[in-house]
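Asker: Quick one: the structure is below, and I'll ask about it shortly.
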């Protein structure tokens, strides 16, 4: 029970700090804001910001839904194809990420694609996700891909979804991002059907 309360407090603090940071980034520009200023505005220490987010770019890249998503994906890979797992993952975060937090998701997406240092850090993060997910696929009894095939399939799917997010954003971010991604998933799924 205490751990659950601690986790909730940590998540609430992280969300608060992220919102304060995004407000400051939008108000003054990403490069003009220092972590120390974010920490002061959020009433936390700079070390707390670094401990929770790692870097200033991490304040944008961090997604509170990632842990839930990766746990669900790892479990689903034991019984489902990559296509089915991607569908399930998008459905899992649809309400909270794409509907309840639609405004925050759009604000983060704008910074992700429009600020070069954030974009560069995000690309490194996606590459790390490819590594992690490839490991999950290789460990799954449901899949018998060779390591290079697993990595190519996972990378095709993840980078395809990132491309779809950018297309949605550049086209004016109309409608639900979740609906847009599910509709575009078929564009990257033929290589992931196994």
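No value in this document is a laboratory result; all are computed from the given coordinates. This is a predicted model, so every value here is computed, not measured. Note: ideal-geometry Cβ built from the backbone for every residue, glycine included; neighbour counts use all protein chains shown.
Asker: Taking R0 as 35 Å, what's the FRET efficiency between residue 13 and residue 152 from their Cβ-Cβ distance, rounded to 0.05?
Answerer: According to the calculation, E is roughly 0.35.
Asker: Could you list, bin by bin from short to long, the percent of Cα-Cα pairs of the chain in 10 Å steps?
Answerer: Each 10 Å bin holds this share of Cα pairs: 8, 33, 34, 20, 4, 0.
Asker: How many times 2.2 N^0.38 Å is the alpha carbon radius of gyration of the range 4-105?
Answerer: 1.25
Asker: Okay, moving on. Tell me, in nm to one decimal, what length is gained between residue 40 and residue 113 on full extension, where the rule is 0.36 nm per residue of separation less the Cα-Cα distance?
Answerer: 23.6 nm
Asker: Please grab the % of Cα pairs in the range 2-60 that end up more than 19 Å from each other.
Answerer: The calculated P(r) of the range 2-60 puts 24 percent of pairs beyond 19 Å.
Asker: Something else: For the chain, what is the relative contact order in percent, using Cα pairs closer than 8 Å and at least 6 residues apart in sequence?
Answerer: 21 percent.
Asker: Can you give the FRET efficiency to the nearest 0.05 for residue 71 and residue 5, using r as the Cβ-Cβ distance and R₀ = 30 Å?
Answerer: The value I calculate is 0.90.
Asker: OK, next. Please give the length that would be gained between residue 162 and residue 142 if that part of the chain were fully extended, namely 0.36 nm times their separation in residues minus their C-alpha to C-alpha distance (nm, one decimal).
Answerer: Result for the pair: 4.6 nm of gain on full extension.
Asker: Within the range 141-161, list the residues whose amide N lies under 17 Å from a label point set 7 Å along Cα→Cβ of residue 170.
Answerer: Zone members listed by number: 159-161.
Asker: I need to check one value: relative contact order of the range 118-185, counting alpha carbon pairs closer than 8 Å and at least 6 residues apart, in percent.
Answerer: The normalised contact order for the range 118-185 reaches 25 percent.
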